[in-house]
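Shown next, in structure tokens, is the structure this report addresses.
The values are calculated or read from the model by the stated rules, or taken from the named source; none is laboratory data. Remember, predicted model here, so these are calculated numbers, not experimental data. Note that each Cβ is placed from the backbone with ideal geometry, even for glycine, and that neighbours are counted across all protein chains shown.
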Amino acid sequence: MSNHHDTGYKELFSYPELLRQLIEGFAPPEVAAMMDFSTLTDHSGSYITPLFGEKF
């Protein structure tokens, strides 16, 4: 079942530069320094998880 906030998160995480800025602004510098933001890619919005079943 989809929650009302899911759409907002999907939209937010669809912009790699914004995601980079959020992580650099809120995560400890050591965490942000370990990330390679150039590897971010877009994936299908639907998938199946072993624990929770189908997700969108």
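Here is a list: PHE13, PHE56. Which entry is modelled with pLDDT under 85 and in contact with a helix residue (DSSP H, G or I) (Cβ under 7 Å, 6 or more places away or on another chain)?
From the options PHE13, PHE56, the qualifying one is PHE13.
Which of the residues belonging to the range 19-35 are in contact (Cβ under 8 Å) with a residue 12 or more places away in the chain, under 18 Å from TYR9 (Cα atoms) and out of contact with any helix residue (DSSP H, G or I) (no Cβ under 6 Å at 6 or more places or on another chain)? If the condition is that a residue be in contact (Cβ under 8 Å) with a residue 12 or more places away in the chain, under 18 Å from TYR9 (Cα atoms) and out of contact with any helix residue (DSSP H, G or I) (no Cβ under 6 Å at 6 or more places or on another chain), then LEU19 is the only one that fits.
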